[in-house]
């Protein structure tokens with residue numbers, strides 16, 4: 001990978017499988033990594049797997065609360081002097097349900113975390129990046145931000161992830177002049193605790209895997225690899241893009 005050694009990276013949702021894999025990968029490339037998340041236990045467990053104490057830090061942060069976001073940015077600057085990379089990975093998903101039966105509190109939760117939370121984190125780091133002469137923002141969207149899937153009613157979730165894509169493009173265009181790049185990764189199904197039961201059941205596993213041209217679900221490391229590329233100098237002329245990391249699923253109708 002192009003040099004990212006010595007860069008300071010903040011990763012939200014770092015207690016989850018994908019967030020942990022991203023944090024681990026960036027640490028292995030020589031980044032100082034700040035792991036943000038709401039769940040202290042998950043976060044500390046993730047940090048213990050990521051890297052040495054000197055180059056990692058955990059900050060309990062709820063991205064739906066502005067004061068906590070600003071405090072996390074302050075603590076990062078105090079400890080590591082700068083912020084080079086922000087990975088907006090934190091997100092929530094709901095159980096599929098018909099849109100007309102969806103409670104407004106449930107759609108508010110999705111909007112507040114997936115969309116407004118991403119706004120909030122990005123807004124907090126941009127002044128630091130501008131002062132620093134540049135930076136790198138990677139947002140995690142979803143294939144559901146590009147297309148709706150029959151029999152899987154996730155309309156509001158899809159809207160939040162589509163919003164993340166448009167936000168990526170807007171920030172890339174607005175802040176390119178400040179040498180700030182902004183890109184987006186759109187995963188399809190990634191192995192996780194939610195998916196695990198389906199993979200244990202042979203029949204369900206076959207059905208799930210057969211929907212992908214590559215005949216398998218993604219691993220958290222597949223997302224981490226894409227993020228590492230987008231954070232590296234190998235992608236120094238890449239901004240405003242959406243990288244589909246989806247086993248080929250978006251290529252088929």
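The values are calculated or read from the model by the stated rules, or taken from the named source; none is laboratory data. Being a predicted model, the structure only gives us computed values, none of them experimental. Positions of Cβ are generated from backbone atoms using ideal geometry, with glycine treated the same way; all protein chains shown enter the neighbour counts.
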Is at least one residue of region 112-126 over 23 Å from residue 240 (Cβ atoms) and either part of a helix (DSSP H, G or I) or more than 17 Å from the chain's Cα centre (by Cα) (or both)?
yes
Among the residues of region 9-31, how many are surrounded by 24 or more Cβ atoms within 10 Å (Cβ to Cβ) and more than 21 Å from residue 218 (Cα to Cα)?
3
Can you name every residue in region 50-72 that is surrounded by fewer than 22 Cβ atoms within 10 Å (Cβ to Cβ), in a loop (DSSP other than H, G, I, E, B) and in contact with a strand residue (DSSP E or B) (Cβ under 7 Å, 6 or more places away or on another chain)?
51
Give the residues of region 78-104 that are surrounded by 14 or more Cβ atoms within 10 Å (Cβ to Cβ) and either over 18 Å from the mean Cα position of the chain (by Cα) or assigned to a helix (DSSP H, G or I) (or both), sorted by residue number.
80, 82, 97, 102
Just to verify a result, which residue in region 211-227, among those that are assigned to a loop (DSSP other than H, G, I, E, B) and surrounded by 17 or more Cβ atoms within 10 Å (Cβ to Cβ), is farthest from the chain's Cα centre (by Cα)?
212
Kindly check whether there is at least one residue in region 127-145 that is in a helix (DSSP H, G or I), within 22 Å of residue 32 (Cβ to Cβ), in contact (Cβ under 8 Å) with a residue 60 or more places away in the chain and within 17 Å of the chain's Cα centre (by Cα).
no
Would you mind finding the one in 208, 230, 199 that is touching a residue at least 24 places away in the same chain (Cβ under 8 Å) and not in a loop (DSSP other than H, G, I, E, B)?
230
Residue identified as farther than 30 Å from residue 7 by Cβ and either over 23 Å from the mean Cα position of the chain (by Cα) or modelled with pLDDT of 95 or more (or both) among 245, 207
207
Hey, residue 114 surrounded by 14 or more Cβ atoms within 10 Å (Cβ to Cβ) and closer than 24 Å to residue 172 by Cα or not
yes
Surrounded by 15 or more Cβ atoms within 10 Å (Cβ to Cβ) and part of a strand (DSSP E or B) - does that describe any residue in region 165-181?
yes
At pLDDT 95 or above, touching a helix residue (DSSP H, G or I) at 6+ places or on another chain (Cβ under 7 Å) and closer than 23 Å to residue 83 by Cβ - does that describe any residue in region 187-195?
no
Yes or no: region 28-39 includes at least one residue that is over 28 Å from residue 110 (Cβ atoms) and in contact with a helix residue (DSSP H, G or I) (Cβ under 7 Å, 6 or more places away or on another chain).
yes
Has region 38-49 got at least one residue that is surrounded by 18 or more Cβ atoms within 10 Å (Cβ to Cβ), touching a residue at least 12 places away in the same chain (Cβ under 8 Å) and farther than 26 Å from residue 161 by Cβ?
yes
